[in-house]
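**Student:** To start, I am sharing the structure in question, which I have written as structure tokens.
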Amino acid sequence: MSRRQDPFDLDITPELIIRAYRAGIFPMSEDAEDEDLFWVSPELRGIIPLDGFRLSTSLRKAIRKSGFVVKVDTDFAAVIEACATVGADRDTTWINHTIRAVYGQLFQRGIAHTVEVWDGDDLVGGLYGLAIGGAFFGESMFHRRTNASKMAMAHLVARLNAGGFVLLDTQFLTDHLESLGGIEIPREDYEERLAAALLVPGDWHAIDRV
């Protein structure tokens, strides 16, 4: 992972975050209590090819039988809180107060989005990220029930394909993401794909009009 000093030397604002993502850079903090951010540009970038996402047949059946309901953009605060909570699936978090605040502003502007998985009134899984042009930058995901995060990712991929998106950036590649079709590509390759994706007018809401 390559870390960069703040290349902008400005206060962290929604506009700055958008500029950073368009340049292939994203912010992180050391932990939730650290007020500082550093900028990251991994030498190997994680992506999920939108034509390469995979769920096993048995997993698809399990998700259909779960009774879970997928919603989008209804409770950003709850999703980012869940993603920032230390638990069985993570022992630390890079989501600090600054990130919560500025991404909350991006959500209000319709740039940050959530995919939420609900079991009745309980939020049991989900993810959030940014949609800019034809690229979706996945930030974090969580689950409180088996397969809930995979269901969120499956919906995300379907939504992005319906909306004409061409790039799903996962920042890093985990075993979980690799099992869903995630791959790593060199930074130079990523930057080329990003430049092309930013020229595409992705439509987050296209699937809702089908």
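The values are calculated or read from the model by the stated rules, or taken from the named source; none is laboratory data. Keep in mind that what you see is a predicted model, and the values were worked out from it rather than measured. Reconstructed Cβ throughout: ideal geometry from the backbone, glycine too, with neighbour counts over all protein chains shown. Accessible surface areas use protein heavy atoms only, side chains included; no ligands, DNA or RNA. Shrake-Rupley method; radii C 1.70, N 1.55, O 1.52, S 1.80 Å.
**Student:** When segment 54-66 is examined, which residues are found to be within 14 Å of SER149 (Cα to Cα), open to solvent by less than 80 Å² (accessible area, probe 1.4 Å) and in a loop (DSSP other than H, G, I, E, B)?
**Tutor:** Of everything in segment 54-66, just one residue is within 14 Å of SER149 (Cα to Cα), open to solvent by less than 80 Å² (accessible area, probe 1.4 Å) and in a loop (DSSP other than H, G, I, E, B), namely LEU55.
**Student:** While we're looking at this one, here's another question. Name the single residue that is nearest to the chain's Cα centre (by Cα) among those in segment 131-165 being part of a strand (DSSP E or B) and farther than 14 Å from ILE47 by Cα.
**Tutor:** Across segment 131-165, the extreme among qualifying residues is MET141.
**Student:** Given LEU44, LEU37, which one is open to solvent by 80 Å² or more (accessible area, probe 1.4 Å) and either closer than 28 Å to LEU198 by Cα or within 15 Å of the chain's Cα centre (by Cα) (or both)?
**Tutor:** On the way: LEU37 fails: open to solvent by 80 Å² or more (accessible area, probe 1.4 Å).
Matching residue, one of LEU44, LEU37: LEU44.
**Student:** Let me ask you something else. Count, please, the residues in segment 194-210 that happen to be surrounded by 11 or more Cβ atoms within 10 Å (Cβ to Cβ) and of a type in the set (Val, Ile, Thr).
**Tutor:** Going through segment 194-210 one residue at a time, the tally reaches 2.
**Student:** Next question. Here is a list: GLU178, GLU184. Which entry is assigned to a helix (DSSP H, G or I) and surrounded by 14 or more Cβ atoms within 10 Å (Cβ to Cβ)?
**Tutor:** Step by step, each of GLU178, GLU184 is checked, and only GLU178 is assigned to a helix (DSSP H, G or I) and surrounded by 14 or more Cβ atoms within 10 Å (Cβ to Cβ).
**Student:** Now a separate question. Restricting to segment 103-124, count the residues that are over 13 Å from the mean Cα position of the chain (by Cα), surrounded by 15 or more Cβ atoms within 10 Å (Cβ to Cβ) and either modelled with pLDDT under 95 or farther than 29 Å from ALA195 by Cβ (or both).
**Tutor:** 5
**Student:** Does MET153 satisfy being open to solvent by less than 20 Å² (accessible area, probe 1.4 Å), closer than 24 Å to LEU198 by Cα and among the aliphatic types (A, V, I, L, M)?
**Tutor:** For MET153, the condition - open to solvent by less than 20 Å² (accessible area, probe 1.4 Å), closer than 24 Å to LEU198 by Cα and among the aliphatic types (A, V, I, L, M) - is met.
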